[in-house]
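What follows draws every value from the coordinates through simple rules; no lab data is involved. Since this is a predicted model, take the numbers as computed values, not measurements. Neighbour counts run over all protein chains shown; Cβ positions are idealised from the backbone, glycine included.
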Amino acid sequence: MKCSLRLGSPAWRVATLAVVLAALAGCATIREGRGGPGQRLDPWENWNRKVFNFNEDVDNAVLKPVATFYSDVVPQPVRRSVTNFFNNFSDAWSAVNNMLQGKFALGFEDVTRVGANTLFGLFGILDVASEMGLEHHYEDFGQTLGRYGVGAGAYVVLPILGPSTVRDTVATPLDRLASPPALFDGTGTQIGFTLLQIINTRAGLLGATRVIDDISLDKYTFVRDAYLQRRRSLVFDGDVPETPAAPEEAASAAAGAAAGNVAPPPAATPASAPPPPPAAPASTPQ
């Protein structure tokens, strides 16, 4: 098996196209505050729900039964080794994205993880790096675009792949180039890696999906909101800034405060600033 990522190859052309589309999407979706109020996060809900229902039908008919069988037959240590193998490729791509984002310390930590697991962990089958105290970071190209101010854009549900956004959809082809199916020649090998990755990933999510089925009244809304919140948190490394007030709301509140009708909204005052002094009573003409 040989690496197939070469200049002029179909995979390279897809990567180039993804970067061009990302730049175009960035011009159209950069927002002040990156996805603040007023942005319609799910304008294609009717279509997304149809794709979501299709994915649910495929999952219930094919993926879930196969993943359940795989989980029952394949011992847990073997499944963990498969997960470690795919995670090793994710760590290599995470290192690239951390470097692109200027987070060089985390990037070098990812490089160290990949080196340790590849050399001492049988090409990533064993996760010796975690035993050394080196943690996963899981950076992808969608997060890199978000780090540079590219807005998430509208929420999208992709067939089979599931939840996404316009930004993450644009980044997906490039992310796929860092996965084993894209790095080896041979259609049979690529299909085998792809199926193994899908089934192993789905098996790892069996418990989570059971919980979602039990607690959610509207599974579509639950999955959408959870995905958008998680992606936003990942882009900002957990330090998500407060969403600025919409211009119309801020202008209305400021006008009301100036007229003495309402107080300015708390979000408009920095947390560190002291509260404004009470207004002095109006003097009576002598």
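Using 0.36 nm per residue, how much length does the chain from ILE191 to VAL78 gain when fully extended, once their Cα-Cα distance is taken away? Each step should come with its number before you reach the end.
Numbers: separation 113, 0.36 × 113 = 40.68 nm, distance 2.01 nm.
Difference between extended and current length: 38.7 nm.
Once the gyration tensor of the Cα atoms in region 37-188 is diagonalised, the equivalent ellipsoid follows with semi-axes of 29, 25, 13 Å, ordered largest first.
State whether region 50-90 is rounded, prolate or oblate according to the following rule on the C-alpha gyration tensor (a ≥ b ≥ c being the square roots of its eigenvalues): a/c under 1.5 gives rounded; otherwise a/b larger than b/c gives prolate, and the remaining case gives oblate. Oblate, because a/c is 1.5 or more while a/b does not exceed b/c. Under 5 Å between amide hydrogens, built in the peptide plane, is the criterion, and for LEU158 it picks out SER164 among residues at least 5 positions away or on other chains. Extension gain, PHE120-ILE198: 0.36 nm per intervening residue step, less the Cα-Cα distance, totals 25.5 nm. Full extension of the chain between THR68 and TYR138 gives 22.6 nm of extra length, using 0.36 nm per residue less the Cα-Cα distance. Ranked by the mean number of other Cβ atoms within 10 Å of their residues, highest first, the peptides 234-240, 95-101 fall in the order 95-101, 234-240.
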